[in-house]
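Let me begin by presenting the structure, written as structure tokens, before commenting on it.
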Amino acid sequence: MKILFTIETLLLLTFSYSFAQGNLDTWDHLKKEKFQIKYPPSWEINEAGMMGTSLILLSPISNAEDTFRENVNLIVQDLSAYPMTLVEYTELSISQIKTMIQNGALISSNRIEGRMNQFQKVMYTGKQGLFDLKFLQYYFIHEQSAYVLTFTAEIDQFDKYETIGAQILDSFKFAK
């Protein structure tokens, strides 16, 4: 009976944690001059500009053996000197995936007509350092800038984090 109670308690806690992670009303909200984004309160935000990013959102470490933190990052590129359409930007980016990411392999690329914006949704895999990774990216062209929003996870962890990663990406909006 005690074992059954323990199992039920663990299931309830797991469900509660999963529900809280997926409930955007309880998420933290970052508002900047040009955009806003929501993310789970358990995720860490870094706005130090590492590797040319505007922000990096990092998942919590799951255990002592966890050596890679799933993350969402945003890179903003000024296109005023080299104006591009979303189609042109996507073609250039996909060609770079294949040449700049070790074992880079495109899985999908789809144009999405959102409520507020159109964007390109791209998924691919590749190796960086010791890690075999899977990437989900959204490309936006807005006011002469390219916004590249990327969710990154280890391939074997991607399915576990995909819903939360996509929710974070989907919460991105340009300021009005």
request  = Considering each residue of the stretch 66-76, count those that are open to solvent by 50 Å² or more (accessible area, probe 1.4 Å) and either more than 15 Å from the chain's Cα centre (by Cα) or at pLDDT below 95 (or both), and give that number.
outcome  = 1
inquiry  = Gly114 - would you say it is modelled with pLDDT under 95 and within 16 Å of the chain's Cα centre (by Cα)?
reply    = no
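Before we move on, is Met84 open to solvent by less than 70 Å² (accessible area, probe 1.4 Å), out of contact with any helix residue (DSSP H, G or I) (no Cβ under 6 Å at 6 or more places or on another chain) and outside any strand (DSSP E or B)? Talk me through it step by step, then tell me what you get.
Values: open to solvent by less than 70 Å² (accessible area, probe 1.4 Å): yes; out of contact with any helix residue (DSSP H, G or I) (no Cβ under 6 Å at 6 or more places or on another chain): yes; outside any strand (DSSP E or B): yes.
In short, yes.
Taking only the stretch 153-176 into account, find how many residues are farther than 22 Å from Asn117 by Cα and not in a helix (DSSP H, G or I).
Within the stretch 153-176, the first condition is being farther than 22 Å from Asn117 by Cα, and the residues that meet it are 153-161.
In the following step, the residues that additionally are not in a helix (DSSP H, G or I) were identified as 153-154.
Selection size over the stretch 153-176: 2.
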inquiry  = Pairs needed: first member in the stretch 105-131, in a strand (DSSP E or B); second member anywhere, surrounded by 10 or more Cβ atoms within 10 Å (Cβ to Cβ) and of a type in the set (Asp, Glu); C-beta distance under 9 Å; at least 6 residues apart or different chains.
reply    = Thr125/Asp132; Gly126/Asp132; Phe131/Glu154
task = Give the stretch 116-160 a look and list any residue that's open to solvent by 30 Å² or more (accessible area, probe 1.4 Å), of a type in the set (A, V, I, L, M, F, W, C) and in contact with a Leu (Cβ under 9 Å, 6 or more places away or on another chain), or say none.
result = Ile141, Ile155
inquiry  = Any residue at all in the stretch 52-65 that's surrounded by 13 or more Cβ atoms within 10 Å (Cβ to Cβ) and charged (D, E, K, R)?
reply    = no
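Could you say whether any residue in the stretch 89-96 is hydroxyl-bearing (Ser, Thr, Tyr), closer than 28 Å to Ser42 by Cα and either free of Cβ contacts under 8 Å to residues at least 24 places away in the same chain or surrounded by 11 or more Cβ atoms within 10 Å (Cβ to Cβ) (or both)?
No, the stretch 89-96 contains no residue that is hydroxyl-bearing (Ser, Thr, Tyr), closer than 28 Å to Ser42 by Cα and either free of Cβ contacts under 8 Å to residues at least 24 places away in the same chain or surrounded by 11 or more Cβ atoms within 10 Å (Cβ to Cβ) (or both).
The values are calculated or read from the model by the stated rules, or taken from the named source; none is laboratory data. This one's a predicted model, so the numbers in the text were calculated from it and none came from an experiment. Glycine also receives a Cβ, built like all others from the backbone with ideal geometry; neighbour counts cover every protein chain displayed. Just so you know, the surface numbers come from the protein's heavy atoms only, side chains and all, with ligands and any DNA or RNA stripped out. Shrake-Rupley method; radii C 1.70, N 1.55, O 1.52, S 1.80 Å.
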